[in-house]
Amino acid sequence: MTPKIIAIVGKSGCGKTWVASRMAARFARPLVVIVHTHPDPSYLRQVDRARARFVGVYRGAQPLAASFLVDCVRSGVRYVYVSIYNLGPDEARAWLDSLVPALEAVGNLCLIVDEAHRFCRHEYVPERLVELPRWARSIGIDVVFVTHRLMDLSPDLRTVLTYLVLFHSDEPRDLAECSQRLGAARAIESVVRSLSPWQHVVIDLEHGRRSPVRVV
């Protein structure tokens, strides 16, 4: 399967994190690493805990080792949930960067960064996390960023996205960015503005103007 770099964009409570977890379930990867900032994300209540491991990261914590991820795969663990709830923004960015070497060493996995707008804004973005999507295809890593607004992600991240999942939005800068990428300003703005609270559109950015826009 060709690795994908995806941004899922929507307001709080619209279901974007649930969509991310459902996407990961469909990806043909033996391991899904979900980094989140919530003490008890709602989607964790639906997890098959027999196939999941939970990691709490505190101040001064060491990054996950590649050997830990390899052991998860060998023992049949499908999901690794990493809570960085106890870290401040700067500490969280540093920890995310320190995680990248383990992901690179293992490969063939899916990384979901929940609440990415807290860590991936312009000059504050983790440097190694930004570079990861640029060559994720060569090591078989899908990367999913879940965020409130598309323009909260740094320009470097936006340029490497292959898919965009949009919930209802009136954010003019987000809509303008989509219009520029697709060359269909009125069409995409009309679709996104008309979505019901639980609907979303899936946009294939890799193929630009030839890409279909699917409403789900």
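Worth a mention:
- Among (1) within 19 Å of V201 (Cβ to Cβ); (2) outside any loop (DSSP other than H, G, I, E, B) - the single one S169 does not satisfy: (2)
- Only one of the listed residues (P197, P172) is surrounded by fewer than 17 Cβ atoms within 10 Å (Cβ to Cβ), at pLDDT below 80, touching a strand residue (DSSP E or B) at 6+ places or on another chain (Cβ under 9 Å) and not hydrophobic (A, V, I, L, M, F, W, C). That residue is P197.
- Yes/no for V106 being under 14 Å from the mean Cα position of the chain (by Cα) and of a type in the set (A, V, I, L, M): no
- Verdict on N86 being of a type outside the set (G, A, S) and closer than 27 Å to S138 by Cβ: no
- Neighbours by Cβ (under 6 Å, 6+ apart or cross-chain): first from the range 1-19, surrounded by 21 or more Cβ atoms within 10 Å (Cβ to Cβ); second part of a strand (DSSP E or B) and of a type in the set (S, T, N, Q): V9/T147
- Residue check for L111: in a helix (DSSP H, G or I) and under 16 Å from A24 (Cβ atoms): no
- Filtered residue count, the range 99-123, keeping only those that are modelled with pLDDT under 75 and either buried (at least 24 other Cβ atoms within 10 Å of the Cβ) or closer than 12 Å to L157 by Cβ (or both): 4
- Residue within the range 70-78 that is farther than 24 Å from P133 by Cβ and charged (D, E, K, R) present: yes
- Selection from the range 140-164 of residues that are out of contact with any Phe, Trp or Tyr (no Cβ under 8 Å at 6 or more places or on another chain) and over 18 Å from A176 (Cβ atoms): G140, I141, V143, V144, F145, V146, D156, V160, T162, Y163
- Some residue of the range 89-98 being in a strand (DSSP E or B), in contact with a helix residue (DSSP H, G or I) (Cβ under 8 Å, 6 or more places away or on another chain) and either at pLDDT 80 or above or basic (K, R) (or both): no
- Of all residues in the range 128-156, those that are crowded, with 16+ Cβ neighbours inside 10 Å, under 28 Å from V106 (Cβ atoms), at pLDDT 80 or above and among the aliphatic types (A, V, I, L, M) total 5.
- Within the range 131-149, the set of residues being among the acidic types (D, E) and within 16 Å of M23 (Cβ to Cβ) comprises just one member, D142.
- Check on V82, assigned to a strand (DSSP E or B), modelled with pLDDT of 85 or more and under 17 Å from the mean Cα position of the chain (by Cα): yes
The values are calculated or read from the model by the stated rules, or taken from the named source; none is laboratory data. No experiment lies behind these values; they were computed from the predicted model shown. Virtual Cβ from ideal backbone geometry, glycine too; neighbours counted across all protein chains shown.
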